[in-house]
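One structure below.
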Amino acid sequence: MKRLMKFVPFVLLAFAVVVRIVDPAPLEQLRLSAFDQLQRLEPRPYSALPVRIVDIDEKSLKALGQWPWPRTVIADLLVKLERAGAAAIAFDVLFAEPDRTSPKKIIKQWRHDLELKQNKDLLELVKKLPDHDQVLASRLQRLPTVLGVMFDNTGVIPEMPKAKWSYARQGDDPRGFLQTYSGAVRPLDILSSKTAGLGSINSSLDNDGIIRKIPLFVRLKSDEKFSNEVFPTLSVEALRVAQKASTYLLKSSGASGENAFGENLGLQQIRVGRIKVPTNGSGQIWLHDTGHIPERYVSAVDVIESQFLGQKIKGNIVLVGTSASGLKDIRSTPLEPAIAGVEIHAMAIEQMMLGSHLTRPSWMLGAELIWLVIVGTTLSFLIPRWGASWCILIAASGLLLSSIASWVAYTDALLLLDPVYPSLVVILLYVIGSFIAFIRTESEKKFVRGAFSRYLSPDLVEQLAADPSLLTLGGETKEMTILFSDIRGFTQISESMNATELTSFINEYLTPMTDIILQNRGTIDKYMGDAIMAFWNAPLDNPKHREEATRAALSMMEGLKVFNGSLEQQTAIDGKKRLPISIGIGINTGFCCVGNMGSDQRFDYSVLGDTANVASRLEGQSKTYGLPIVVGEETAKTLPEFAWLELDLIRVIGKKQPVRIYALIGDERVKNEQKFIATAELQDQFLSEYRQQKWGNATDLLKTIKQSRNYDLSVLNGLYSNRIEEYKGGDLPADWDGVYSATSK
């Protein structure tokens, strides 16, 4: 469980990355709110650009009557704007229906009036009056004007007028990236046919009703009437007309310079006249908000009644719209909860003229994720090692850097960099990581007593419980005695059992063997299936480490007899035959590096060094020499009280220097038995003759040892008999010293 807990922060981090890629609506709203705050802290400074709003405000409605005004009033307005020298005039209003105040319309309304019917002269005079829509159309034709079109999704697609513009494209077809509508409400043909441009007056609202992005092009999806054509919005169309341009250039992904990371980026740039405008892939620009600026506005009634507007209007792009609340063109922006929709068009034109665009390039998400992974990984990795107290500095630094980076990107480069989500993830990772670290700290002593008591000697457990700081990486070099033990023929045994039986068998065997090692003040290093590795003289000093390891080996052989006896009893109970097992033990003494080794996430109190490797090899040689306990010279030479039988001088695999090895026959009691004394003398004589290449004498001594039958040395005698036969027929080198190079572990 602890091993899994350390991965929890990394799993959370991976989950956070996936959530950011999916980008659910609440997360997007948090990010947009952060961008709003940036603009509130530092709005775009207002510059007196040639963009003006003629406002159908409350003052104008009071003076000129309710809306809609007669088209002749709009025509008079155009006359005044023409005289004032307007560069282009765009209407953020719809002229979708005929003027109800036109003479012909009035006559129809008066048709029931008897007195008027009798006044034929008056009727003829009224009929001769010009139609108001025709009057307005004639004025529109003389000026660079743009009328508004409202797109919707009603599916009612009118016959659209011929486009006033053309467009060229570079890269992918832009139509697939634009906001698409299935219907439209357009101006009267008599009006739209006379204007220089037509523009969409649609807004792009986020889920909270705030306008943050302004579309420059939209798409009317129709198979026949409009040929799936793209359609400019009012702001960019007014800019085109003012520049007397005829063609837009739409640059999409796939065009030169617009590919990044192989992504399908969409519509990336629009060129209108001399102005280049970067877009967000959907043909939109981020609104760089200034807030409401009264200097932009001129009241419509003042335009109509004043003779001195040249200074305010000349050379300006004029937008005709309304701020009157009753006409329902009030919108919300990051800086203003209520602002006239026409002023948003004005801000869009201004920022296109200035080139002051907020951008969020396609690579921004990748940059944010990289930053999130760097900070999150660092925090997840260091909390278990440094603890919550130190890592709070890293978490605080991550939060501060996220905020600073977002602010600097906005103020210096007008880039929108999300500070919210990385900060939320850093806080979450810190809280979760700190909680896990707290749990680990609280359970440390319990862990030592509960888990380590099964592997370490009781003295070591008490020492670690008193000072858990010992469970850190590090080590020391000291002389130690190492013991390896292994079951002979374990593969064959395991094949005769199912998984449950094998597990029970191993547990029943390892439990008494572990008890014997711990009773002799040894430390269990590890279990390797059926094998045991143990050591003495660490971490507590033990001057009797050789002796206690040797006694542990002898006790393990006695314990094996008891275990085999239990197997016989189980066989008698259930009738299932169980063969007795045999084990091999290797012991060696020397200097090793001992300590807590591994990683910060997991470590074991273990040993490393050549001494341990040799002990493992000696355990393997017990099978070769046919004796259960094989011991290195460094262990045997300091314990003369034990019964040692010298076996050979060998060069084990992986080691150049030869090792003198001994068989442990027994303790002090066996040492003093006559049969051991006799056997040891014969073995010493044999090895002397063998190493002097006196093959005949050596062979005779082997026969004598065999005939004595004091101990089962048949495997050992057979091994040497084979060697002698091999060496007799071969030419040994002159400096042959009797060393045998082992061919197996």
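The values are calculated or read from the model by the stated rules, or taken from the named source; none is laboratory data. All of these numbers come straight from a predicted model, not from anything done at the bench. Here Cβ is always computed from backbone atoms with ideal geometry, including for glycine, and neighbour counts include all displayed protein chains.
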Selection from region 360-396 of residues polar (S, T, N, Q) and surrounded by 15 or more Cβ atoms within 10 Å (Cβ to Cβ) yields 362, 378, 380
In the set 714, 688, 741, the lone residue that is under 24 Å from residue 611 (Cβ atoms) and not assigned by TED's automatic domain parsing to the domain that holds residue 558 is 741
Consider residue 347 carefully, then state whether it is surrounded by 19 or more Cβ atoms within 10 Å (Cβ to Cβ) and touching a His at 6+ places or on another chain (Cβ under 8 Å).
-> yes
Filter region 189-201 for residues that are within 14 Å of residue 90 (Cβ to Cβ) and assigned to a loop (DSSP other than H, G, I, E, B); the one that is nearest to the chain's Cα centre (by Cα) is 201
Exception for residue 657 within (1) without any contact (Cβ under 8 Å) to a residue 12 or more places away in the chain; (2) over 15 Å from residue 590 (Cβ atoms); (3) touching a Lys or Arg at 6+ places or on another chain (Cβ under 8 Å) falls at (2)
Checked pairs for region 62-87, first farther than 14 Å from residue 301 by Cβ and touching a residue at least 24 places away in the same chain (Cβ under 8 Å), second among the aliphatic types (A, V, I, L, M) and outside any helix (DSSP H, G or I), C-beta under 7 Å and 6 or more apart or across chains, list as 78/89; 78/143; 82/143; 84/309; 86/318; 87/317
Would you say residue 430 is assigned by TED's automatic domain parsing to the domain that holds residue 27, crowded, with 18+ Cβ neighbours inside 10 Å, of a type in the set (Phe, Trp, Tyr) and closer than 19 Å to residue 12 by Cα?
-> yes
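In this structure, does residue 485 turn out to be surrounded by 13 or more Cβ atoms within 10 Å (Cβ to Cβ) and in a helix (DSSP H, G or I)? Please lay out each step first, then the result.
Working: surrounded by 13 or more Cβ atoms within 10 Å (Cβ to Cβ): yes; in a helix (DSSP H, G or I): no.
In short, no.
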Take region 272-287 and flag every residue that is in contact with a Lys or Arg (Cβ under 7 Å, 6 or more places away or on another chain) and surrounded by fewer than 18 Cβ atoms within 10 Å (Cβ to Cβ).
-> 273
Collect the residues in region 397-412 that are more than 16 Å from residue 424 (Cα to Cα) and either touching a Ser or Thr at 6+ places or on another chain (Cβ under 8 Å) or loosely packed, with under 12 Cβ neighbours inside 10 Å (or both), keeping them in residue-number order.
-> 412
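Please find, within region 711-731, the residue that is modelled with the lowest pLDDT out of those that are part of a loop (DSSP other than H, G, I, E, B) and either of a type in the set (Val, Ile, Thr) or surrounded by 12 or more Cβ atoms within 10 Å (Cβ to Cβ) (or both). Step through it out loud before you land on a result.
To start, the set of residues in region 711-731 that are part of a loop (DSSP other than H, G, I, E, B) comprises 711-713, 729-731.
Narrowing the set further to residues that are either of a type in the set (Val, Ile, Thr) or surrounded by 12 or more Cβ atoms within 10 Å (Cβ to Cβ) (or both) leaves 711, 713.
On the way: 711: 91, 713: 94.
Step by step, filter region 711-731, then rank; the result is 711.
Quick check on my filter: what residues within region 30-85 are closer than 24 Å to residue 190 by Cα, among the aromatic types (Phe, Trp, Tyr) and either under 43 Å from the mean Cα position of the chain (by Cα) or buried (at least 16 other Cβ atoms within 10 Å of the Cβ) (or both)? Reasoning before the result, please.
Here is the first cut: in region 30-85, the residues closer than 24 Å to residue 190 by Cα are 54, 56, 66-83.
Now restrict to residues that are among the aromatic types (Phe, Trp, Tyr): 67, 69.
Listed by number, the list holds a single entry, 69.
In region 25-47, is there at least one residue being part of a helix (DSSP H, G or I), of a type in the set (D, E, K, R) and over 25 Å from residue 353 (Cα atoms)? I'd like the intermediate steps shown before the answer.
Initially, region 25-47 is screened for residues part of a helix (DSSP H, G or I), giving 25-41.
Cutting the leftovers down to of a type in the set (D, E, K, R) gives us 28, 31, 36, 40.
Right, trim to over 25 Å from residue 353 (Cα atoms) and you get 28, 31.
Among the residues of region 25-47, at least one is part of a helix (DSSP H, G or I), of a type in the set (D, E, K, R) and over 25 Å from residue 353 (Cα atoms), which makes the answer yes.
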For residues that are under 21 Å from residue 201 (Cβ atoms) and in a helix (DSSP H, G or I), scanning just region 299-325, find the one that is modelled with the highest pLDDT.
-> 300
Out of region 518-538, which residues are outside any strand (DSSP E or B) and modelled with pLDDT of 95 or more?
-> none
